[in-house]
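To start, the structure itself, in structure tokens.
The values are calculated or read from the model by the stated rules, or taken from the named source; none is laboratory data. Just so it is clear, the model here is predicted, and its values are computed rather than measured. Using ideal geometry, Cβ is built from the backbone for each residue, glycine included, and neighbour counts are taken over all protein chains shown.
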Amino acid sequence: MHWQKDAQCGQARAGWLHTRHGSVPTPTFMPVGTVGTVKGITMDNVRATGAGIVLGNTYHLMLRPTAERVQRLGGLHRMMDWPGPILTDSGGFQVMSLGPLRKMDEDGVTFRSHIDGSSHRLTPESSTDIQYKLDATITMAFDECPALPATKDVLEASMERSMRWAARSREAFIARPGYGQFGIVQGGTEQDLRERSALALRKIGFEGYAIGGLAVGEGQELMFSTLDYTTPMLPEDQPRYLMGVGTPDDLLGAVMRGCDMFDCVMPSRAGRTARAYTERGTLNLRNARFAEDTRPISPEDDSPMAGRYSRAYLHHLFRANEMLGPMLLTLHNLAYYQRLMRQIRAAIVAGTLEQTAAELRQNWAKGDWSEDEWPMPRYQQG
């Protein structure tokens, strides 16, 4: 597995991630399929949005249906009908978020299942083995993700433990052609800790590097300032993955700071709660003003549902608690995120990212299109 850079504009990079299960253009957004499904839509739907890689989760899949069962069923690719690349989170974030249900020691974490209360244990070795059984294209090193805010002493101890776990994860990883493992940079918002973490991971050596421990409540300004000094610490010739991010503006800002890969539940979760992401910001389709709005969600929509459903119909579906509403809006949001990634990539290649970024942010701030400025939808042109 390797990453190839095609173009650079400032700190932003456009490239290709080549894997055993196909090649993916970067920057890329990975829809979250935590338990082997992107909630509410089929993998045909996911493919239709233009997504090239999806995410699964070690913690959830080890509990149900279990990694051993997934392996017997032919692996996660076959089971969920996704032959393309799959990245699996190591389970560290989910386990750490269990609070009193988990107990950590130097070897790993013992926790109780949120499903039935049964006791389980994750270590760097077992997490890596589970991801192998899932047949993850990209395996993530097992780490500890402390909640922010935290004292520097807490962050330092956590980062050092994560680096020891990273070394153990790497030793347990079974290298195969086209597969890879990413280390995760930790250290909160402390520059010296981030630097020590990045140096430790580079010494171990991975196929890619993730930036963890952000988008956990620190705010966008602090996240961006942390990225400003963290991404330059990572290898120029390997992919950089910012975990758990985020809003369209978060993605844009992170790409401009040198990040290549992203995942977040935000577009699918928003779709289930009637919020639509568009070129003019976010629309809440539960609002009464959409009850007789016959326009589609966006004139820029190029998703599989483009022009087929009105805002009024979607408003009705959510008001009636019909499952089709969340399904359609999830599809729309994921298609918008992929469209945004393509637009950003094209701007990097053209060397116009600063101008494109300014236009994107200006349009997001304008709010919904008025009737007078509504352009002819793309699906009606030509």
Task: Met140 being among the aliphatic types (A, V, I, L, M), touching a helix residue (DSSP H, G or I) at 6+ places or on another chain (Cβ under 8 Å) and without any contact (Cβ under 8 Å) to a residue 40 or more places away in the chain - done: no
Open item on the list: For the stretch 185-214, give me each residue that is within 19 Å of Phe224 (Cβ to Cβ) and outside any helix (DSSP H, G or I).
Closed with: Val185, Gln186, Gly187, Gly188, Thr189, Glu190, Tyr209, Ala210, Ile211, Gly212, Gly213, Leu214
Open item on the list: Here is a check on your reading of the model: is Glu68 farther than 21 Å from Ala175 by Cβ, at pLDDT 95 or above, of a type outside the set (A, V, I, L, M) and out of contact with any Ser or Thr (no Cβ under 7 Å at 6 or more places or on another chain)?
Closed with: yes
- [ ] Look through the stretch 103-145, keep the residues that are assigned to a strand (DSSP E or B) and charged (D, E, K, R), and return whichever of them is nearest to Ser90 (Cα to Cα).
- [x] Arg121
Task: Enumeration of residues in the stretch 91-148 that are modelled with pLDDT under 95, in contact with a Phe, Trp or Tyr (Cβ under 7 Å, 6 or more places away or on another chain) and among the polar types (S, T, N, Q) - done: Gln94
Open item on the list: Looking for something of a type in the set (Lys, Arg), closer than 25 Å to Ile41 by Cα and surrounded by 12 or more Cβ atoms within 10 Å (Cβ to Cβ) - is there at least one such residue anywhere in the stretch 73-84?
Closed with: yes
Open item on the list: Could you go through the stretch 292-310 and let me know if any residue there is surrounded by 15 or more Cβ atoms within 10 Å (Cβ to Cβ), in a helix (DSSP H, G or I) and modelled with pLDDT of 95 or more.
Closed with: no
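Yes or no, residue by residue, for (1) under 22 Å from Met223 (Cα atoms); (2) without any contact (Cβ under 8 Å) to a residue 40 or more places away in the chain; (3) of a type in the set (Ser, Thr, Tyr):
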position: Ala276; (1), (2), (3): no, no, no
position: Arg286; (1), (2), (3): no, yes, no
position: Leu340; (1), (2), (3): yes, no, no
position: Leu353; (1), (2), (3): yes, no, no
Open item on the list: Can you tell me how many residues within the stretch 4-48 are hydrophobic (A, V, I, L, M, F, W, C), touching a strand residue (DSSP E or B) at 6+ places or on another chain (Cβ under 6 Å) and either over 30 Å from Ile174 (Cβ atoms) or not assigned by TED's automatic domain parsing to the domain that holds Gln238 (or both)?
Closed with: 2
TODO: Examine the stretch 344-352 for a residue that is of a type in the set (D, E, K, R), in the same structural domain as Asp293 (by TED's automatic domain parsing) and surrounded by 13 or more Cβ atoms within 10 Å (Cβ to Cβ), and state whether such a residue exists.
DONE: yes
- [ ] Mind listing whichever residues of the stretch 256-276 are assigned to a helix (DSSP H, G or I) and either of a type in the set (D, E, K, R) or crowded, with 23+ Cβ neighbours inside 10 Å (or both)?
- [x] Pro267, Ser268, Arg269, Gly271, Arg272
